[in-house]
């Protein structure tokens, strides 16, 4: 069974209004058949995280949260966890997964270097009874489970915000992520689908920021002197780095739609940052996806939750909804991704800042919300 997904179901609202937070949205994908396995109830679970790219703060935060969760209950008592980084190297990640298969782990959580390049080895894992859960940069192999966000709509909403703010006319720049990854491809396609509707909007520069604020700042600073007046910024990568490059070049900050760095959101606060303020829309993938994947794997392996894919909502922040201590943290590093934790009574998971920065455990038991089965 397959379903045509309405992209706007998962990012509630429109660009320019805060997107509502909520519980996970669960839906069937028509999963291909994997090897039948019985619930594991008599021992610790062996769950490994296979991460590809590790060269930015988002990935470091994602991995730190995973490490933190393993040191907190219920995972401390129930899971024997491990983690591996391959760089953006499909062959190396494939070999690492092959090693995990030979070690007989119970589940492999994958943030993939390629949406298709790992399909063969992940299919082997599924056929041997290993639960595969891909998240963030997901894979197309159908025997595993998927956790993610609607990346295409990320690009759409960023572009619609910019188009609205500049009245459908002007020069914009697009700052992309890691080329060849699912998230980057989908975000770029979403943005381009909007620009195609506005003949008076010209994309005068498109360049990578590698999902890293420092790289983004360097690359922006290098290209900025060659560019005309910029009326809008679409940034799928290190948005605070883009704005800092503009400030250092003495350029005014145009309306900006982008990711969830703390530095970006500081520019959106009432008092602004570095002497300037930006009219912005900020949302991103949540680094705690790794912990949602961990909980999904634990619950499926224990037999307390059915196999199924989930899409996470992406609550957005605008200048009207920015709130110090909740979705922006003035006393923390600019590179901190503000989606390291969730907030509100229906929070998916809540972490302390030390978990995000250092991978240390927070006080108390960690509660992770999955959708009702």
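The values are calculated or read from the model by the stated rules, or taken from the named source; none is laboratory data. A quick note: this is a predicted structure, and the numbers were derived from the prediction, not measured. Cβ coordinates were reconstructed from backbone atoms using ideal geometry, including for glycine residues, and neighbour counts include every protein chain displayed.
Tallying residues that are over 16 Å from the mean Cα position of the chain (by Cα) and assigned to a loop (DSSP other than H, G, I, E, B) within segment 249-287 yields 16. A count restricted to segment 237-248 and to residues that are on the phi > 0 side of the Ramachandran plot and assigned to a helix (DSSP H, G or I) stands at 0. For segment 115-131, the condition holds for no residue, the condition being that it is touching a strand residue (DSSP E or B) at 6+ places or on another chain (Cβ under 7 Å) and under 25 Å from residue 280 (Cβ atoms). Taking the numbered list (1) buried (at least 21 other Cβ atoms within 10 Å of the Cβ); (2) under 22 Å from residue 314 (Cβ atoms); (3) in contact with a strand residue (DSSP E or B) (Cβ under 6 Å, 6 or more places away or on another chain) in turn, residue 157 passes all entries but (3).
Say we look at segment 163-182 and pick out the residues that are under 20 Å from residue 219 (Cα atoms) and outside any loop (DSSP other than H, G, I, E, B); which of these is farthest from the chain's Cα centre (by Cα)?
If we filter segment 163-182 for residues that are under 20 Å from residue 219 (Cα atoms), which is where we start, we get 171-181.
Within this subset, residues satisfying the condition of being outside any loop (DSSP other than H, G, I, E, B) are 171-176.
Values: 171: 27, 172: 24, 173: 21, 174: 18, 175: 16, 176: 14 Å.
In this case the residue turns out to be 171.
When the residues of segment 87-99 are filtered to those that are modelled with pLDDT of 95 or more and crowded, with 17+ Cβ neighbours inside 10 Å, the one that is farthest from residue 47 (Cα to Cα) is 90. Please verify whether segment 69-85 includes one or more residues that are closer than 17 Å to residue 183 by Cβ and within 19 Å of the chain's Cα centre (by Cα). For segment 69-85, residues closer than 17 Å to residue 183 by Cβ and within 19 Å of the chain's Cα centre (by Cα): absent. For segment 122-142, the candidate set comprises residues that are surrounded by fewer than 21 Cβ atoms within 10 Å (Cβ to Cβ) and in contact with a helix residue (DSSP H, G or I) (Cβ under 8 Å, 6 or more places away or on another chain); within that set, the residue that is nearest to residue 88 (Cα to Cα) is 140. Out of all the residues in segment 323-345, which are more than 21 Å from residue 357 (Cβ to Cβ) and either part of a strand (DSSP E or B) or in contact (Cβ under 8 Å) with a residue 40 or more places away in the chain (or both)? Scanning segment 323-345 gives a single hit, 344. Residue 312 meets the conditions (1) in contact with a helix residue (DSSP H, G or I) (Cβ under 8 Å, 6 or more places away or on another chain); (2) surrounded by fewer than 16 Cβ atoms within 10 Å (Cβ to Cβ) in every case but one. The failed one is (2).
Scanning segment 192-236 for residues that are under 20 Å from residue 167 (Cα atoms) and assigned to a loop (DSSP other than H, G, I, E, B) yields 196, 197, 198, 199, 200, 228, 229, 230, 231. Surrounded by 14 or more Cβ atoms within 10 Å (Cβ to Cβ), in contact with a strand residue (DSSP E or B) (Cβ under 8 Å, 6 or more places away or on another chain), in a helix (DSSP H, G or I) and not assigned by TED's automatic domain parsing to the domain that holds residue 217, is that true of residue 291? Criteria not met by residue 291.
With the requirement that a residue be farther than 15 Å from residue 196 by Cα and either touching a strand residue (DSSP E or B) at 6+ places or on another chain (Cβ under 6 Å) or not assigned by TED's automatic domain parsing to the domain that holds residue 213 (or both), what does segment 165-179 give you? 166, 175, 176, listed by residue number.
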